[in-house]
Structure formats: C-alpha cells, structure tokens
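The values are calculated or read from the model by the stated rules, or taken from the named source; none is laboratory data. Remember, predicted model here, so these are calculated numbers, not experimental data. With ideal geometry, Cβ positions are generated from the backbone for all residues, glycine too; neighbour counts draw on all protein chains shown.
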Amino acid sequence: MKKLYALLMFSAILLSNSSCKDKVEQEPLTSAEKIDRKAVVSRHNVIVKSLDTLASLSVGNGTFAYTVDVTGLQTFPEYYKDGMPLGTQSEWGWDSYPNTENYKFEETLVDYKQNGRAISYAIQNKASERTKAATEYFRSNPHRLQLGNLGLELLKSDGSKVAPSDIKSINQHLNLWTGEITSEFTVEGIPVTIWTTCHQEADVIGVKIQSELLLKKQLQIRVRFPYPTGTWTDLAAQWDGERPYKSSIVKSTINEAVIARELDSLQYQVGLQWKGNAQLAEKAEHYFLLTPEENNVFEFTCQYTNSEVKRSIDFEAVLSSSETEWERFWKSGAVVDFSGSTDPRAKELERRVVLSQYLTKLQCTGALPPQETGLTYNSWYGKPHLEMHWWHGVHFALWNRLEYLEQTLPWYNRVFKKAKSLAERQGFEGARWQKMTDPYGDEGPSSVGAFLIWQQPHFITYAELMYRAKPSQETLELYKDRVYATADFMASYANFNTEKNRYELGPPVIAAQERFKAVETYNPTYELAYWHWALKTAVAWKIRLGEEPNPAWKTVLDGLSPLPVQDNMYLAAESATDSYTNPEYRTDHPSVFGTFGMLPESEKLDKTIMKNTFDWIWDNWAWHDTWGWDFPMTAMTAARLGEPEKAVDALFMDIQTNTYLKSGHNYQEGRLPVYLPGNGGLLTAVAMMCAGWDGSEGENPGFPKDGSWNVKWEGFQKMF
C-alpha cells in the first residue's frame, strides 16, 4: 500500500509538471509558417445543386440551431422528414405533458442483487401495464421541442402550391467562414435568392429575400408550429395533436409582430421584424403568413425566446453578429492543413475535419451536455446521454477551445444533488452520474442506461483537462468536490470478492459494448481500466491540494481486478469468455479499445496483449454493426500502438456508420442521419494523431511516415 501511495504521489507531481511542459511543446508555428486559416476553411464551403434530403444545412449559435432545405428556409418539412429533418431547436425549449395519472418515479424501479444486497435501478419496468406507462412517461418527459417551422409559402402562376419538384436551377452555398447560407433557385423560371444567417448571442434567424415573386404575391413567409410528438424522435413535421395548445398574435405593428405560444409546461414567444410594408395574419390554427408588399427585396428576422421579445434585431445586425463570431471562432484554437499531403484521402479528411468543427460549434457549445443529434431533431426524446459527453466535449480541449467544454461543467454542479441522491438511493457513497438525463438532472429510465457505468469517470477526465490547461489552485478548488464525489461512488461501487481477494465491477453492469446481459456481466475491461485511471487521478488531485487521499480510493486501487485476458487477448469483460467466439459479441462498440485509445498507458496494461487484441478485432469485427465514434476510437488505439497506417485506415473504413454527408454530418442510418459523437470523435482522433499524447514522440505520431502525409498544424494540445 505504501509503495502504491508513493507511486501515486510521484505520478501527481509528473501530471502537474507535464501540464506546463505540454504548453511549451505545443507552441504554434512561427508567423512565417502561419497557416492560412480562411483558405483551409473556405475550400470546404458546402455547395448543394440538387434537391437532396440528406443535404440539409444549418445555422446556429451553440444553444440554438435552424436547419434549412434548398430554399434556405424550412419550406418542405414533410419532404425532408425522412432525410435530414428541418428542425428548430434550443437548449431552453423543453415541455412536459401533465402527469394526469399521478405516476411515481418509484414505479420504474426494480431491485437487483448487488454486493449482497438489493439495489434499485430505474429500468423500462414491464411488471404491469401501469409500470410500463409510468416508465414511458418518465422517459418522454420532459421532451425537447421543435420551436417552429419558418418557411416559404410559394405559389405558381395558376395559384397552386409549389411542390419540391418545381424548384429548379438550385445553387445553394454555405459560407463556413461567416456562417451564412445563400440559396438560389427558380420557380417557373423566376429567380429567387435567399440569404440565411443566425445571431450568435440571441436565438434570432436573419433572412433576406430577393425575387419578382414578391411583387407577384406568389411568395410569402410561413410561420407554422409543429405539434410535439413526445416520442423517441421529433421530425418537425407533425401538425396535429390532442393537447389544447395556443398560438396567438399578441403584438402587431407596421414593422413587427409577436406570436405567443402556450404549451403544457412552457410558454415562449416568436418575434418577427421586417423592413418595408408587410402584414402578419393567422391562416389557421398554429399557422401564420407574413405577406410583404410592393418590393422585390424583403429583409426580416425571426426571434425565438422563452421570455418576452424585448428588443428588435434587424437582418444586418444578425449578419454582422454571425460574421464576427464565426471569424473569431476559426481564428481561435487549433487548425490543421492537409493540402501538402499526397495521400488521395487527405482532402476528404480535411473536409470532414473542417465541417465537424462547424457542426459541433453550432450544435454542441451550450451550457448543457448535448443530445446525440444536437439541435437538429430529437433522438431519445431530445435527452443528453452523459456517456456521450466525452465524445461531444473532449475534442474542444485538445483543439485549444477549452471554453466550450468548460461552459458545460457548471451543469454538473446544478445537478450534483440529484447525482448524490441517486447514489444514496442505491446505498453507495458520493455521486452517481446519470446516463440518460434532461436539463434538470433527472434520471431517464432505461433497461440499458441504468446499468452503464462508463459515464461515471468522465467528470474526472473533464476536470483533469481543465487542470492541464489551467494548472492552478483555483482550478483544483473549482472542481474538487465533484471529482471527490465521483471517486467516492467509484470506490463504493466496487465489490470486494473475498474468495478472489480483489475488487470487481458488477454484476449487474452493462459494458460500453452493449451486448452483454447486466445480471451476468462483471469486470468489463475498459471500465476496469477507466476506474483505475480515474481513482488514481482523484488521488493526484488530493495530493496537489495537500490533502490526505481517501483511504477507500487507495484500497480499491490496490486491489482492483486485473484486466481480463484469454488466449493472450483482452476480453470485453471477464464474464464474457466467449467474446471472440460468439458472433453476437463481435458487434457494437469494440470498447476494449477505449482501454488504450481513450485512456493512456498504465501499469495495468500489457501493450503486447493489447496489440494482439487490436489485430484480432481489426480482422474479425462485424464493422457493419458499429457506431460513428468507433472508428475514431480505433484510430486512437492504433496510433498509441504505433500503427499510424491503420489509424488513417480506421478513419476511412468503408462502413455506412462511418459516412460523412455533404453537410459534414456523420450518418448512421435512416433514424440517425445526424450523429455528432462521430464528428466529435473524429476531431479528437485527429488532434491526437497530430499533437500526440503524453509519452508520444516525434511530429504527427498518428500519421504514416512514408511521405504521403505532410500535415501542418498549430494550436493543438496533447492528450493524456
């Protein structure tokens, strides 16, 4: 024990010193070598020439996003709903149906035997019709809203409605440097040009329209409110429902109007402001038309707010805000230039990297952990999954844009009491971080999520990234309570097996590779390694602060089970002895790679065994049954193992879930055309492959050294 403690003290000192050392090593290129950032970004501006329902484009500010079709607005939501939905979502836009049946959260709980006692888990309880209904109520409430459909009401010369097929001569352009979409098309030969952008400090869309259709009264602006589905997804195209919601004009003047919305638990307003003469009228319930008069150019803005519309913001102000903030973003943090590379994949990698930065900035930089489909449309009722926050947020620290990860961390403090209550309910110490949750930190019942544990050490990862960037007493004091409570739970969660004289994880537990039954699973490899790293790091935090580490942490560290090995390879879990013989277990996330991809090398790891494991999985995994972040995770492991060729190959594996659409979104399948953990994972992997990790040597350690990859970069930070 004393030997371990001494080692941990030494490690803490090294961690502190390496933080400062890395800052020196990662100095940007000299001014003479500066990368032309605008050139790198602008060569990947998105151009859309056809009516492609998977080529929807978005503008946004990190807490609000607006997604458009080829018209530059949300004109054809029904046509696009089975491709890339035309969503308008925000961090604040949540609603809950009334609990008319008086469901109790306790009705979702089921006891499981763990550590010799009964522990309650919030699962999809199917014991009775009532418990099933209660489970569904707490899974679906609150749900994130589609705030409104802002589109065009287009008419042909005979008065009939314009259909998608009537849109011709499409030429749409997303300027990434300014965050502005320019959309050109014709209707019956008459040109239409629309400019669309988003204010960066308010949830306001700015629009400018130029067309003779305005003078012909064949073009109006439609504001229509979709009915929230309250189901797993919300594609912003359901127009009817049973709830008595209200949408009404509460203000109307010569140049502005306000529509008030009243739902079950949310009230919000939509404010319209325009130049010139126009009138807003109610066409039908939840359906409004803004009709411009006497001009072929029309500028207007549309503001969404959960308070009152208090200030007017015109189109020029929105455009200026977007231009200023996006330029600031692209000039900040890291940049990487692949243009000097001869590998034919380099241009595509740069495209994916640039577009992933754009998408994660506008979809994932608010004060809440993001949902997996960002602010485009709902998946899992719009709720964040905390195990995915690693993939949403870690890349910001490595790209030297720490503030975007940092501003999500106060949320963990706001929900801290609920995390501690969850641990207390189950008889554990500290705080057990939720899996599927909501803005308020409530637990979403899930027969899988309730048993996942790999989200638990994440907060220590985020805190350590903060400390590496800002190695100060202030940083330590800011995060220490949550770091310590996280470690307290981890130590108390580990079960001491008296027969084997060691600490184990589970059962019940579900590994990050969600293929093993909770009640049968124990000692998943990645989770064991993560427990070890996080507890060791928590001890280092105590030492940095001159405090005595919790003896329970050191006891569990000293006695934690070794990583399970069979046939000279790491198993997915010690209980999964058929990990590699049962085809069912060669699917989903190859999470054993997290052991030495997401995590650094430790004394628990044997690199030879990991290399054997990597080679077997590379050759035998059912890669068609994986997820978007599995490929970056594989690349990160390959890079750490000294296999840069395979690191690049992993990023380009020809698998559907590794598809990056014209917009840059990581496509998974029909129900998940947007999957931002894949984009964040790509950015994490590329940062590591360029700047390396603690102990890596040489420049660009994740790229081949055969001369085909001439990678220039500036501003990256090393990974652990």
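Just wondering, is there one or more residues in segment 248-258 that are free of Cβ contacts under 8 Å to residues at least 40 places away in the same chain, buried (at least 16 other Cβ atoms within 10 Å of the Cβ) and not in a loop (DSSP other than H, G, I, E, B)? Looking through segment 248-258, at least one residue is free of Cβ contacts under 8 Å to residues at least 40 places away in the same chain, buried (at least 16 other Cβ atoms within 10 Å of the Cβ) and not in a loop (DSSP other than H, G, I, E, B).
Listed by first and then second residue, the pairs with beta-carbon distance under 6 Å, at least 6 apart or on different chains, first residue in segment 478-494 and on the phi < 0 side of the Ramachandran plot, second buried (at least 24 other Cβ atoms within 10 Å of the Cβ) and of a type in the set (Lys, Arg), are Phe489/Arg432. Among residues of segment 59-82 that are within 19 Å of Trp239 (Cβ to Cβ), those with a Cβ under 6 angstrom from a residue that is among the acidic types (Asp, Glu) and at pLDDT 95 or above, sequence gap 6+ or separate chain, pair up as Thr75/Asp69; Phe76/Asp69; Tyr80/Asp69. When Leu528, Leu545, Leu505 are checked against the criterion of being touching a Lys or Arg at 6+ places or on another chain (Cβ under 8 Å) and crowded, with 23+ Cβ neighbours inside 10 Å, a single residue qualifies: Leu528.
For segment 529-579, the set of residues classified as closer than 24 Å to Phe428 by Cβ, part of a loop (DSSP other than H, G, I, E, B) and over 33 Å from the mean Cα position of the chain (by Cα) consists of Glu547, Glu548, Pro549, Asn550, listed by residue number.
Selection of first residues in segment 22-46 that are under 18 Å from Leu349 (Cβ atoms) and of second residues that are modelled with pLDDT of 50 or more and of a type in the set (Gly, Ala, Ser), restricted to Cβ pairs under 9 Å at least 6 apart or on distinct chains, gives the following pairs, ordered by first then second residue: Ala39/Ser339; Val40/Ser339; Arg43/Ser339; His44/Gly664; Val46/Ala55; Val46/Ser663; Val46/Gly664.
If I ask for residues that are in a strand (DSSP E or B) and farther than 30 Å from Thr186 by Cβ, which ones from segment 67-97 would you list? If the condition is that a residue be in a strand (DSSP E or B) and farther than 30 Å from Thr186 by Cβ, then Gln89, Ser90, Trp94, Asp95 are the ones that fit. Are any residues in segment 548-590 touching a residue at least 24 places away in the same chain (Cβ under 8 Å), under 20 Å from Arg515 (Cβ atoms) and surrounded by fewer than 16 Cβ atoms within 10 Å (Cβ to Cβ), and if so, which ones? Passing the criteria: Val565, Pro583, Glu584. State whether the residues of segment 25-38 include one that is modelled with pLDDT under 95, within 27 Å of the chain's Cα centre (by Cα) and not aromatic (Phe, Trp, Tyr). Looking through segment 25-38, at least one residue is modelled with pLDDT under 95, within 27 Å of the chain's Cα centre (by Cα) and not aromatic (Phe, Trp, Tyr). Can you name the residue in segment 98-132 that is outside any strand (DSSP E or B) and of a type in the set (Asp, Glu) and, of all such residues, is surrounded by the fewest Cβ atoms within 10 Å (Cβ to Cβ)? Step by step, filter segment 98-132, then rank; the result is Glu129.
Candidates Gly441, Gly393: the one that is over 18 Å from Glu106 (Cα atoms), among the small types (Gly, Ala, Ser) and modelled with pLDDT of 95 or more is Gly393. Only a single item in (1) within 30 Å of Asp95 (Cα to Cα); (2) within 14 Å of the chain's Cα centre (by Cα); (3) surrounded by 21 or more Cβ atoms within 10 Å (Cβ to Cβ) is not met by Ala367, and it is number (3).
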